[in-house]
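What follows is calculated from the coordinates using simple rules that are stated; it is not laboratory data. Computed from a predicted model, the values in this text were never measured in an experiment. Every residue, glycine among them, receives a Cβ derived from its backbone with ideal geometry; neighbour counts consider all protein chains shown.
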Amino acid sequence: MTPAKKKRISELADFLSSEFAVGNLTDLIAAADSESLSIYFDHYESSFDGMLVHFDQQFHVHINLDKGNTKTSKRGRFTLAHELGHFFIDEHRIGLKYGLLQAHPSLNNLNHTSLIENEADYFASCLLMPENKYKAFCARKPFSFDLINSISDSFQTSLVASILRFIDIGSREFMVVVSRSDVVKWFSKSHDFPKFPFRFKVGLNLPKDTLSARYFLKPIIPYQSLIEEIDPESWFYINDNRANKTMYEQCYFSEINGYLVTLIWFK
Ligand SMILES: [Zn+2]
């Protein structure tokens, strides 16, 4: 996504959320109603999370209850916001209307590789967590899972969506690593996080000497660890004077999908 496109999507989402928000909560249904967009929450088995289709001169949004996408669930809100992205972003709506883009089943996994899915996810993230409100909410609060959880509650967004938004606009250097059964699934880091070589790879085990790897030796559910002071060398090959700096690690086990989410940051 180009910076210009990103800015345009963010401004569009900001405008909509300012029109249709109560406190930090963006009212997605009201935004859809303003365009007479029909939304159907129904049972579609495991095929998709959400789908926008143009049929009979009108747009319709289908949201799949069978995957936990209710009107008020965090997953359902993100799925609906993503589909609204396909409607409100001109190129997507026009493309779908004139058959230049195929109607597609959207999946809620925040790790897409296709451009239009990334754009719709970015729109959803901006619509649900507008930059100014997000920054005001986080101001002067210490970084940890407690902050991420309070963001998730206030904006009604999933933990991972809340973390990714922090990476996008937060002022803190940190990294998130998501693993399952001791295997790293994906990671992301703020743009200012030091470029140290990692002691881990996607698809392989977590580094042994980490709080996260220890969790899988004896899993507890539900789980949120305390903030632990760690040796930066347990995760990275430190190649500058930060080897002696204090680093923190905290992890959280998500019962919904079986993922361990790890936050790593410098003091
Ligand atoms: Zn999509």
Query - Amide H partners (placed H, <5 Å) of residue 41, local residues excluded - result: 63
Report summary line: Rounded to two decimals, the Rg over Rh value of segment 195-253 from Cα coordinates and the Kirkwood Rh reads 0.99
Report summary line: Using eta = 1.567 mPa s and T = 4 °C, Stokes-Einstein with Kirkwood Rh from Cα pairs puts D for segment 41-103, in µm² s⁻¹, at 109 µm²/s
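Charges at C-beta only: +1 for Lys and Arg, -1 for Asp and Glu. How large is the resulting dipole of segment 173-266 about its Cα centre, in Debye rounded to 20?
320 debye
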Report task. Within segment 128-224, report the trypsin sites (Lys or Arg not before Pro) that DSSP leaves as loop and that have at most 16 other Cβ atoms within 10 Å. Result -> 140, 172, 195, 199, 201, 208
Report task. Using a 10 angstrom cutoff on alpha carbons, build the Gaussian network for the chain and name the most mobile of 247, 129, 175. Result -> 247
**Report entry** Other-chain or far-sequence residues with amide H under 5 Å of residue 186's (modelled H)
**Finding:** 178
Report summary line: Computed over the chain: longest principal axis from alpha-carbon atoms vs helix 74-88 long axis, angle to nearest 10 degrees, is 50 degrees
Query raised in the report: Taking N as the number of residues in segment 23-158, what is its alpha-carbon radius of gyration divided by 2.2 N^0.38 Å?
Result: 1.08
Query raised in the report: How compact and how long is the chain, expressed as Rg and Dmax of its alpha-carbon atoms in Å?
Result: 19.5, 64
Query raised in the report: From the cross-link list 133/195; 141/267; 5/141; 6/189; 133/245; 71/135, which pairs have alpha carbons spaced over 21 Å apart?
Result: 133/195; 5/141; 133/245; 71/135
Report task. Give the distance, in whole Å, between the Cα centre of segment 150-187 and the Cα centre of segment 16-90. Result -> 23 Å
Report summary line: With +1 at each Lys and Arg Cβ and -1 at each Asp and Glu Cβ, the charge dipole magnitude of the chain around its Cα centre, to the nearest 20 debye, comes out at 800 debye
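How large is the helix-only mean residue ellipticity at 222 nm for the chain, computed as the sum of -39500 (n - 2.57) over DSSP H runs with n ≥ 4, divided by its residue count, in deg cm²/dmol to the nearest 500?
-11000 deg cm²/dmol
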Query raised in the report: Which angle between 0 and 90 degrees, to the nearest 10, do you get for helix 159-169 versus the longest principal axis of the chain when only C-alpha atoms count?
Result: 90 degrees
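In segment 59-122, what chymotrypsin sites (Phe, Trp or Tyr not before Pro) fall in a loop by DSSP, with at most 13 other Cβ atoms inside 10 Å?
Loop-located and lightly packed - 98.
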